[in-house]
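Undergrad: Before anything else, here's the structure in question.
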Amino acid sequence: MTDHDPRLVALYDQDNPDGPDHDFYRALADASGARSIVDLGCGTGLLTVTLVAPRRDVVGIDPSPTMLEYAMHRPGAAAVTWVLGDSRDIPSGSSDLAVMTGNVAQHIGYDDWVRTLRDLRKALRGGATLAFESRNPAAGAWRHWTSQEPTTRETVHGPLVEWSEAREVAPGVVRLVAHNSFTKLQEVVTETLTLHFRDRATLERDLHAAGFSVDAVYGDWVRGPVTESSAVLVVVATAR
């Protein structure tokens, strides 16, 4: 994969701060009594380091060297085992909990998605928990991602001008092109993401096929029901 620009990675936590989503996963880890946690697609490790607790092992896995390098230098990073890779690189063993946060599930295409769920099932003991979220396709969030006008903000590298375009290139598949112009440096960084929007029935079907039972699908971070306007599908499943 193409790695991320380190200047943008340094802004990631600012754009994706700790919030109710992280509260949900931390509460789930504590309620389940998990002693071994895998954070797959951990990114900059903002949540990962907060999952650390006494007598608990935490592993953060990400395919981006730049993201992982950032994660390994944040406070508390020494208590986490960091792995460069994807679900195929999850350490063997019997983990109690695996999470995929920050809509990581949407970055995984169909064939890799099927494999990822099977890899996670192999890494989890029977009765262990898998939790993740994915944007609700019914809400059509991508329809609002195309910029009407560029926006500008200050960074340590000078002004950053940002704009984006998004379109559905196939049913449930959205291509997002994000442009980042560092005007002082006269450099433009363009990132292209392909995001997969899976509805509730598809997620439940794929999880069942991979060896999971779906315990709940919530429509928000306080365990509310799913409605057509729910922005997110929060899934909690158990390894059979």
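The values are calculated or read from the model by the stated rules, or taken from the named source; none is laboratory data. The shown structure was predicted, so the numbers you read here are calculated from the model rather than taken from an experiment. Neighbour counts are summed over all protein chains in view; Cβ atoms, including those assigned to glycine, are modelled from backbone coordinates with ideal geometry. Ligands, DNA and RNA are excluded from the accessible area calculation, which covers all protein heavy atoms including side chains. Shrake-Rupley method; radii C 1.70, N 1.55, O 1.52, S 1.80 Å.
Undergrad: Let me confirm something: among 167, 198, which residue is over 18 Å from the mean Cα position of the chain (by Cα) and among the charged types (D, E, K, R)?
TA: Going through 167, 198 in turn, the sole match is 167.
Undergrad: Condition check: surrounded by 16 or more Cβ atoms within 10 Å (Cβ to Cβ), modelled with pLDDT of 95 or more, among the hydrophobic types (A, V, I, L, M, F, W, C) and in contact with a helix residue (DSSP H, G or I) (Cβ under 9 Å, 6 or more places away or on another chain). Does residue 11 satisfy that?
TA: no
Undergrad: Name the residue that is most open to solvent (accessible area, probe 1.4 Å), counting only residues in the range 58-82 that are of a type in the set (A, V, I, L, M, F, W, C) and out of contact with any strand residue (DSSP E or B) (no Cβ under 9 Å at 6 or more places or on another chain).
TA: Among those that are of a type in the set (A, V, I, L, M, F, W, C) and out of contact with any strand residue (DSSP E or B) (no Cβ under 9 Å at 6 or more places or on another chain), it is 78.
Undergrad: Also: Residues to consider are 190, 152; find the one that is open to solvent by 40 Å² or more (accessible area, probe 1.4 Å), at pLDDT 95 or above, touching a His at 6+ places or on another chain (Cβ under 6 Å) and assigned to a strand (DSSP E or B).
TA: Residue meeting the stated conditions: 190.
Undergrad: Regarding residue 50, is this residue open to solvent by 10 Å² or more (accessible area, probe 1.4 Å) and in a strand (DSSP E or B)?
TA: No.
Undergrad: Anything in the range 1-47 that is β-branched (Val, Ile, Thr) and not in a helix (DSSP H, G or I)? List them, or say none.
TA: 2, 37, 38, 44
Undergrad: Taking residue 207 as the residue in question, decide whether it is modelled with pLDDT of 95 or more and open to solvent by less than 40 Å² (accessible area, probe 1.4 Å).
TA: In short, yes.
Undergrad: From the set of residues in the range 129-149 that are surrounded by fewer than 17 Cβ atoms within 10 Å (Cβ to Cβ) and of a type in the set (D, E, K, R), which is nearest to residue 22 (Cα to Cα)?
TA: 143
Undergrad: Within the range 173-184, can one find any residue that is free of Cβ contacts under 8 Å to residues at least 40 places away in the same chain, at negative phi, exposed (fewer than 13 other Cβ atoms within 10 Å of the Cβ) and touching a Lys or Arg at 6+ places or on another chain (Cβ under 9 Å)?
TA: no
Undergrad: OK, next. Which of the residues belonging to the range 14-42 are open to solvent by less than 50 Å² (accessible area, probe 1.4 Å), farther than 14 Å from residue 98 by Cα and acidic (Asp, Glu)?
TA: Result: 21, single match.
Undergrad: Would it be correct to say that residue 55 is farther than 26 Å from residue 182 by Cβ and out of contact with any Leu (no Cβ under 7 Å at 6 or more places or on another chain)?
TA: yes
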